[in-house]
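Throughout, read-outs are computed from the coordinates displayed, never taken from laboratory work. None of these values were measured; they are calculated from a predicted model. Virtual Cβ from ideal backbone geometry, glycine too; neighbours counted across all protein chains shown.
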Amino acid sequence: MTGLIFDVDGTLWDSTEVVAKSWNAAIEEYTDWKLRVDAPLLRKHFGKPMSEIAKAVFPDCSDEERDFVSAKCMDNQNPFLLKEKPDLYPGVADTIIELSKKYKLFIVSNCHSGYIEALLDISGLNSYITDFTCPPYTGKYKSDNIRLIMERNNISSAHYVGDTVMDMEACKAAGVPFVFCEYGFGNVDFSDCEYIIKSFDNLRNIDFY
């Protein structure tokens with residue numbers, strides 16, 4: 001059985017404006033920091049494990065303080081998303097519906113718990129995604145979670161669709177081909193990509209069998 005596995009941020013949507021707003025609300029409520037985050041800062045780090053994002057965004061505090069504030073930011077994030085409903089990238093919804101007629105579709109991200117569920121609820125795409133996971137549910141990061149999703153769904157062949165070097169490296173470690181979303185957050189060496197797409201609906205033109 002053939003599958004397509006999707007990253008979220010920079011691949012299916014850009015939620016960084018809303019996430020920045022949610023994090024700043026938490027920072028304002030729980031700290032006296034003057035620091036605020038914005039969408040461009042988050043785009044530079046989205047795709048990394050959440051602990052690494054927190055270290056990059058909140059570098060000048062103790063581990064204990066960072067853990068506390070980042071936890072409050074995570075608590076704020078999903079309610080803000082469900083309220084403000086960021087848009088998917090153009091063509092994502094229709095393309096996923098079309099692809100689901102040919103392939104099993106999955107999501108694997110390094111995101112916080114509830115984030116993938118929020119995207120699926122907002123987009124109405126729940127019924128088209130067979131399975132998904134992220135580190136809080138497995139204790140594993142992307143490469144291991146790609147393999148886990150394939151194994152528990154009896155997927156013998158899969159491509160991973162993402163937008164960052166971290167995605168590409170996870171694909172190498174997992175032994176699956178990488179489809180690079182050129183419109184996303186990151187840049188990669190094209191020689192390491194099986195396919196390069198300029199918009200999400202380009203996936204319709206690829207035969208993954």
Rough spin-label spacing in nm, given labels placed 7 Å along Cα→Cβ, for residue 1 and residue 41: 4.3
Mean Cβ-within-10 Å packing, highest first, puts peptides 197-204, 109-116 in the order 109-116, 197-204
Here FRET efficiency (C-beta to C-beta, residue 75 to residue 138, R₀ 30 Å, nearest 0.05) is 0.90
Taking 45 Å as R0, compute the FRET efficiency from the Cβ-Cβ separation of residue 34 and residue 102 and round it to 0.05. 0.30
Mind checking region 61-119 for trypsin sites (Lys or Arg not before Pro) that DSSP puts in a loop (not H, G, I, E or B) and that have at most 11 other Cβ atoms within 10 Å? 101
Listed residues 85, 142, 34, most fluctuating in the chain (Gaussian network, C-alpha, under 10 Å): 34
Taking amide H atoms as placed 1.01 Å from N in the peptide plane, list the residues 5 or more away in sequence, or in a different chain, whose amide H sits under 5 Å from that of residue 2. 104
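Under the Kirkwood approximation for Rh and a Cα-based Rg, what ratio Rg/Rh is obtained for region 1-148?
0.99
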Sites residue 24 and residue 153 - FRET efficiency at Förster radius 30 Å, r taken between beta-carbons, to 0.05: 0.20
Compute the acute angle (0 to 90°) between the alpha-carbon long axis of helix 142-152 and the principal axis of greatest extent of the alpha-carbon atoms of the chain; round to the nearest 10°. 50
Cα axis of helix 63-84 to longest principal axis of the chain: angle in degrees, 0 to 90, nearest 10? 60
Under 16 Å Cα to Cα from residue 21, which lysines show up? Leave out anything in the same chain fewer than 8 places away. 34, 72, 83, 85
